[in-house]
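S.K.: My structure is below; once you've seen it, I'll send some questions.
The values are calculated or read from the model by the stated rules, or taken from the named source; none is laboratory data. Only a predicted model underlies this, so the values are computations on that prediction, with no experimental measurement involved. Here the Cβ is made from the backbone with ideal geometry for all residues, glycine too, and neighbour counts use every protein chain on show. When the accessible area is computed, the model is the full protein with side chains, heavy atoms only, and any ligands, DNA or RNA have been set aside. Shrake-Rupley method; radii C 1.70, N 1.55, O 1.52, S 1.80 Å.
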Amino acid sequence: MLHACVYATILLGFFGLIFKENLVMKIIAMDVMSTGVIALFVLVAAREGIRTPIVTVMTPRNFADPVPQAVILTAIVIGFSIQALMLVGVMKLARDNPTLEIREIEKGYRP
Amino acid sequence: MTTWTVVWMALPFLVGFSVYLLPYGDRLLALGAALASMAYAIALFLQPVPLELQFLDSFGVTLLADNLSAWFILTNALVTAAVIIYCWEQGKPAFFYIQLVMLHGSVNATFICADLISLYVALELVGITTFLLIALPRQDQTMWIGLRYLFISNVAMLFYLMGAVLVYQTHQSFAFEGLRGSPAEAPALVLMGLLTKGGIFVSGLWLPVTNTAAESPVAAMMSGAVEKAGVFPLLRFALMLNEFEPIIQLFGVGTALLGVTYALVATDAKRVLACSTLSQLGWLLVAPAVAGFYALAHGLAKASLFLTVGQFPERDITTLRQQPMPTALWLPLTLGGLSMSGMPGLVGFGAKVLTLDSVLPWQSIAMNGAAAGTAAVYAKFIFLPHTSDASAPREVRPKPSYWVASLLLLGGVVLASAVHLEAYTWPDVAKVLALLGGGWVAYGVLRQFLTLRLPVVLEDMDHLIGGMSVMLVVLFWMVWSWSMA
């Protein structure tokens with residue numbers, strides 16, 4: 001069930017990327033897609049349990065796997081900095097293309 | 001050597017951040033980092049066994065530096081050094097050199113990664129720094145082209161991450177070997193991400209527009225080094241995991257033919273070079289075992305061609321046919337073009353012969369066709385009119401920094417041809433000369449008819465992203481039916 005929700009999020013984000021005309025909407029769709037991917041990592045980490053992996057006196061068995069969580073933290077930071085960078089670029093573009101319609105921009109700036 | 005590897009890997013980033021403190025030493029520091037990579041690559045060649053570094057006990061986070069990496073690192077170092085020298089007198093801001101040296105470092109990192117996660121981080125860093133370099137002129141057009149590049153590369157990397165976590169779920173390790181034995185969707189997702197990032201086949205159609213719109217030094221860096229960062233992991237897969245080799249080789253043949261077709265009908269000089277890069281990336285994948293030398297040959301010649309075309313006042317080939325260019329510019333252009341077409345005596349010959357000798361029978365017709373096509377593409381440049389008339393106004397004449405950069409690259413083109421002297425056998429020389437002559441004759445005959453306009457619609461961003469889903473389905477089928485059987 002959770003798996004289905006996660007894959008649905010990724011797919012919806014991807015469809016948004018294809019079908020949304022506006023550049024800002026495309027960036028938001030990309031964010032939805034990356035949220036889905038992050039959730040997939042968390043889900044894989046929680047495969048064998050959801051306890052925080054801290055060693056205590058009486059060690060419980062069902063730990064969450066810390067490796068995918070550590071890895072996805074890097075990916076979250078990268079994804080968020082890319083989005084910030086893209087929004088700056090879009091702000092710059094919006095000065096001359098106030099509608100931010102991708103078709104118009106694409107036609108206008110083809111070398 | 002282990003310590004040196006770590007120091008060498010950290011150096012470009014250290015240099016990049018210290019340029020913020022010492023903005024006056026930007027060019028020297030950046031050049032120093034590139035030279036350090038050159039020294040490291042040479043040390044790697046002398047290393048008898050591949051160097052393997054294992055981090056983080058058993059999660060497969062490893063670095064692997066061998067002969068193949070050394071060729072790619074050397075290419076990256078030479079191209080970066082040439083680009084820095086080329087920009088020496090152009091008054092670029094320190095920010096340009098910071099990004100360039102960081103890009104150099106992250107491209108280097110992809111050449112020694114042997115696990116999916118280090119590779120992901122390195123490739124994302126490549127994407128961000130390349131975007132900043134493309135968008136640096138801060139015009140709307142370059143901003144849009146850069147944004148488009150970042151968009152496509154980031155979406156591709158999201159698919160790649162999904163593949164990486166599926167590999168981890170199966171093996172509890174991120175090592176490349178984990179692709180074997182994972183469910184078919186994991187290799188399909190990872191391969192799709194890398195094909196897009198490396199600019200292979202229809203997923204790589206973002207490449208011509210991006211390289212055309214970027215400034216010449218940035219385009220030289222992209223064609224010479226950056227795009228190889230996506231191709232290199234594919235080569236590693238093909239060499240490590242035999243079951244994926246046929247898939248990767250098939251994409252190589254497809255890319256070589258697709259790129260040559262696009263390049264033949266292009267009329268903008270920079271676009272011709274960019275489409276030819278697409279085709280040459282395919283050549284790398286066709287024979288993974290000898291790809292290192294091919295990468296060096298292509299990187300040197302293509303970077304010098306991009307830098308030379310950057311000196312032209314005009315980029316349209318039809319106009320260039322009517323206005324003779326100075327012979328001094330025509331010479332480096334011809335030398336680069338001849339090396340790309342595989343002229344004996346230049347590095348391209350050895351690379352071409354090695355690749356053509358190691359292709360499988362089913363690839364051989366297609367690759368010989370692609371070689372003749374490449375010769376026809378570069379005939380466009382070689383047969384341009386030129387004049388030794390020195391009446392050109394002073395300000396359009398190339399600056400000395402251009403000559404030093406060209407000398408570095410073209411000197412490499414001539415000297416590196418001595419590496420594979422065993423390629424010089426009569427049948428091979430005759431074969432390559434026949435392909436070259438065939439390509440030139442074909443160009444001469446077909447020149448009038450080459451006005452066909454290929455649809456540009458496939459290069460739109462929507463279609464590139466939509467193409468990813470099609471590619472994913474195709475790859476899934478290929479992995480499932482060829483590699484899992």
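S.K.: Among B:235, B:129, B:264, which residue has its Cα positioned farthest towards the positive end of the charge dipole of the protein assembly as shown, with +1 placed on the Cβ of Lys and Arg, -1 on the Cβ of Asp and Glu, and the dipole taken about the Cα centre?
M.R.: Toward the positive end, the furthest listed residue is B:264.
S.K.: Highest mean first, what order results for B:260-268, B:119-127, B:304-312 on Cβ atoms within 10 Å?
M.R.: Going from most to least packed, we get B:304-312, B:119-127, B:260-268.
S.K.: Let me ask something else. Kindly write out, for the range B:319-334 in residue order, the coupling ³J(HN,Hα) from the Karplus curve 6.51 cos²θ - 1.76 cosθ + 1.60 (θ = phi - 60°), rounded to whole Hz, with x marking Gly and Pro.
M.R.: Each residue of the range B:319-334 in turn: 5, 5, 5, 9, 9, x, 9, x, 4, 4, 8, 5, 4, x, 4, 5 Hz.
S.K.: Per residue of the range A:69-84, in order, report the coupling 6.51 cos²θ - 1.76 cosθ + 1.60 (Karplus, θ = phi - 60°) as ³J(HN,Hα) in whole Hz, putting x for Gly and Pro.
M.R.: Result, rounded to whole Hz: 5, 5, 5, 6, 4, 4, 5, 4, 4, 4, x, 5, 6, 5, 5, 4.
S.K.: While we're looking at this one, here's another question. Quick one: if you take sqrt(5λ) for each eigenvalue of the C-alpha gyration tensor of the range B:5-111, what semi-axes come out, biggest first, whole angstrom?
M.R.: 27, 16, 10
S.K.: Got a sec? Charge dipole of chain B, +1 on Cβ for Lys and Arg, -1 for Asp and Glu; which of B:152, B:212, B:164 is way out at the positive end?
M.R.: It is B:212, whose Cα lies furthest towards the positive end.
S.K.: Chains A and B: how much accessible area gets covered up at their contact, both sides added, probe 1.4 Å, in Å² to the nearest hundred?
M.R.: Looking at A and B, the buried total is near 3800 Å².
S.K.: Compute, for chain B, the length of the dipole vector about the Cα centre, with Cβ point charges of +1 (Lys, Arg) and -1 (Asp, Glu) only. Units Debye, rounded to 20.
M.R.: Approximately 1020 debye in magnitude.
S.K.: Another one. How long are the semi-axes of the ellipsoid equivalent to the range B:2-483, from square roots of 5 times the Cα gyration tensor eigenvalues, in whole Å, largest first?
M.R.: In descending order the semi-axes read 32, 27, 22 Å.
S.K.: With every protein chain left in place, what is the accessible area per residue of chain B in square angstrom, probe 1.4 Å?
M.R.: Value for chain B: 34 Å² per residue.
S.K.: Once the Cα atoms of helix A:23-45 and of chain A are each reduced to a long axis, what angle between those two axes, in degrees from 0 to 90 to the nearest 10, is obtained?
M.R.: It works out to around 10 degrees.
S.K.: For the protein assembly as shown, taking Cα atoms only, what is the radius of gyration to one decimal and the Dmax to the nearest whole Å?
M.R.: Considering the protein assembly as shown through its Cα atoms, Rg and Dmax are 23.6, 88 Å.
S.K.: Another question about this same structure. Once you mark the trypsin sites (Lys or Arg not before Pro) that are in a DSSP loop and have at most 15 other Cβ atoms within 10 Å, what is the longest gap between them in chain B?
M.R.: B:139-446
S.K.: May I pose another question? What are the lysines whose alpha-carbon lies under 29 Å from the alpha-carbon of residue B:92, with same-chain residues fewer than 8 places away excluded?
M.R.: Hits, sequence-local ones excluded: A:92, B:197, B:228, B:270, B:302, B:399.
S.K.: Counting alpha carbon pairs within less than 8 Å and at least 6 residues apart, what relative contact order, in whole percent, applies to chain B?
M.R.: The value is 16 percent.
S.K.: Counting C-alpha atoms alone, how compact is chain A: give Rg to one decimal and Dmax as a whole number, in angstrom.
M.R.: When restricted to the Cα atoms of chain A, Rg and Dmax are 19.1, 66 Å.
S.K.: So what J values fall out for the range B:80-88 if you push phi through Karplus, 6.51 cos²θ - 1.76 cosθ + 1.60 with θ = phi - 60°, rounded to Hz, Gly and Pro as x?
M.R.: Karplus values, whole Hz, x for Gly and Pro: 4, 4, 5, 5, 5, 5, 4, 7, 3.
S.K.: Could you work out how far the C-alpha centroid of the range B:33-54 sits from that of the range B:190-245, in angstrom?
M.R.: 23 Å
S.K.: Could you order B:227, B:89 so the one with the most accessible surface comes first? Probe is 1.4 Å.
M.R.: Ranking B:227, B:89 by accessible area, largest first, yields B:89, B:227.
S.K.: Continuing with the same structure: Give me a single rounded figure for B:135-146: the average over its residues of other chain Cβ atoms within 10 Å of their Cβ.
M.R.: 4
S.K.: Sort the range B:43-98 into rounded, prolate or oblate with this rule: let a ≥ b ≥ c be the square roots of the eigenvalues of the Cα gyration tensor; rounded if a/c is under 1.5, and if a/c is not under 1.5, prolate when a/b is larger than b/c, oblate otherwise.
M.R.: It is oblate, given that a/c is not under 1.5 and a/b is not larger than b/c.
S.K.: For the protein assembly as shown, what % of the accessible area comes from carbon and sulfur atoms, probe 1.4 Å?
M.R.: 69 percent
S.K.: So how much slack lies between residue A:48 and residue A:5, counting 0.36 nm per residue of separation and subtracting their Cα-Cα distance, in nm?
M.R.: Gain on extension, residue A:48 to residue A:5, equals 13.6 nm.
S.K.: Taking the Cα centre of the protein assembly as shown as origin, work out the dipole magnitude from +1 charges on Lys and Arg Cβ and -1 charges on Asp and Glu Cβ, in debye rounded to 20.
M.R.: 840 debye
S.K.: Could you tell me what % of all Cα pairs in the range B:235-294 have separations over 14 Å?
M.R.: Of the Cα pairs, 54 percent sit more than 14 Å apart.
S.K.: Within a 10 angstrom radius of each residue's Cβ in A:61-74, how many Cβ atoms of other chains show up on average? Whole number is fine.
M.R.: 3
S.K.: Same structure again: Which whole-number percent gives the relative contact order of the range A:2-108, counting Cα pairs below 8 Å spaced six or more residues apart?
M.R.: Relative contact order, the range A:2-108: 26 percent.
S.K.: For B:150-162, what's the mean count of beta carbons from other chains sitting within 10 Å of each residue's beta carbon?
M.R.: Shielding by partners across B:150-162 averages 6.
S.K.: Check which residues have an amide H placed less than 5 Å from residue B:325's amide H, if you skip close sequence neighbours.
M.R.: Those qualifying (amide H under 5 Å, at least 5 residues apart or on another chain) are B:386, B:387.
S.K.: Please determine, in degrees from 0 to 90 and to the nearest 10, the orientation of helix A:2-19 with respect to the longest principal axis defined by the Cα atoms of chain A, where the helix direction is its Cα long axis.
M.R.: The helix A:2-19 is inclined about 10 degrees to chain A.
S.K.: Nothing charged except the Cβ atoms of Lys and Arg (+1) and of Asp and Glu (-1): what's the magnitude of the dipole of the range A:2-108 about its Cα centre? Round to the nearest 20 debye.
M.R.: 160 debye
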